[in-house]
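To keep things clear, I will list the structure first and then write my remarks on it.
The values are calculated or read from the model by the stated rules, or taken from the named source; none is laboratory data. Keep in mind it's a predicted model, so treat the numbers as computed, not measured. With ideal geometry, Cβ positions are generated from the backbone for all residues, glycine too; neighbour counts draw on all protein chains shown.
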Amino acid sequence: MRKLQLLFFTVGIFFSAASFSQSVTPSILNTTGGTNIFTFYRFEWSFGEATAIETLSSANITVTSGVLQPGTHNPATVNNYTAWGKDEIKILPNPTQGMLEIDFLSKQQGTVYMSLMDESSRLILRKQFVYYGTGSIQQMNLGPYPSGQYFLDIMLVPINTSVTKRSTYKVQKMR
């Protein structure tokens with residue numbers, strides 16, 4: 001009898017350690033969905049439970065809630081170097097015929113200063129904006145300028161104690 005009780009106790013411990021019950025972490029159940037990458041944009045959709053997405057905007061910031069969040073498929077790592085990391089910034093298309101897109105994926109917050117210069121270091125275009133560390137897409141129109149090589153200097157001055165980032169990128173303008 002004692003051996004039988006010990007056997008049931010051991011089997012009970014084994015099954016309770018190997019079994020799972022309801023999770024206390026949040027989870028989402030979707031019936032279907034998908035992803036499509038078109039040029040340099042990523043589109044995601046989903047149907048099922050908890051697919052509601054709400055967007056609230058003011059003059060300076062946009063906040064979204066829901067399952068599908070932009071930029072979460074490939075978040076940048078924390079980079080405390082003075083140069084932009086390859087996963088923090090994307091400049092495309094390069095070469096370009098007109099509109100140049102600069103995608104910011106850094107987690108660092110601050111003011112971004114962008115300067116476009118020609119081959120003789122003459123300032124062609126300047127742009128600045130406040131970056132909140134949540135991803136941003138900025139555009140520069142190179143359409144009115146002649147074909148050639150340009151240099152795009154991008155500097156982020158942080159609002160916290162992290163480092164200032166600065167890198168210069170060569171951009172080819174073609175007709």
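Tell me, please, whether a residue that is acidic (Asp, Glu), under 23 Å from residue 37 (Cβ atoms) and not assigned by TED's automatic domain parsing to the domain that holds residue 35 can be found in the stretch 101-117. Looking for residues that are acidic (Asp, Glu), under 23 Å from residue 37 (Cβ atoms) and not assigned by TED's automatic domain parsing to the domain that holds residue 35, one finds at least one in the stretch 101-117, hence yes. In the set (1) part of a loop (DSSP other than H, G, I, E, B); (2) under 26 Å from residue 58 (Cα atoms); (3) not charged (D, E, K, R), the condition left unmet by residue 94 is number (2).
Residue-by-condition table, conditions (1) under 12 Å from residue 91 (Cα atoms); (2) modelled with pLDDT of 90 or more; (3) outside any strand (DSSP E or B):
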site: 121; (1), (2), (3): no, yes, yes
site: 133; (1), (2), (3): no, no, yes
site: 138; (1), (2), (3): yes, yes, no
site: 144; (1), (2), (3): no, yes, yes
site: 163; (1), (2), (3): no, no, yes
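Beta carbons closer than 9 Å, at least 6 apart along the sequence or on distinct chains, pair a first residue in the stretch 159-175 that is assigned by TED's automatic domain parsing to the domain that holds residue 118 with a second that is among the acidic types (Asp, Glu) and surrounded by 12 or more Cβ atoms within 10 Å (Cβ to Cβ) for 165/88; 166/153; 167/153; 168/153; 169/153.
Within the stretch 136-170, work out how many residues are of a type in the set (Lys, Arg) and more than 19 Å from the chain's Cα centre (by Cα).
Going through the stretch 136-170, the residues of a type in the set (Lys, Arg) turn out to be 165-166, 170.
Still in the running and more than 19 Å from the chain's Cα centre (by Cα): 170.
Residues that pass the stated criteria total 1.
Could you please find all residues in the stretch 111-169 being in contact with a Pro (Cβ under 7 Å, 6 or more places away or on another chain) and buried (at least 16 other Cβ atoms within 10 Å of the Cβ)? Within the stretch 111-169, 135 is the sole residue that qualifies.
Of all residues being under 15 Å from residue 157 (Cα atoms) and among the small types (Gly, Ala, Ser) in the stretch 85-135, which is nearest to the chain's Cα centre (by Cα)? Just the residue, please. Checked the stretch 85-135; the qualifying residue nearest to the chain's Cα centre (by Cα) is 106.
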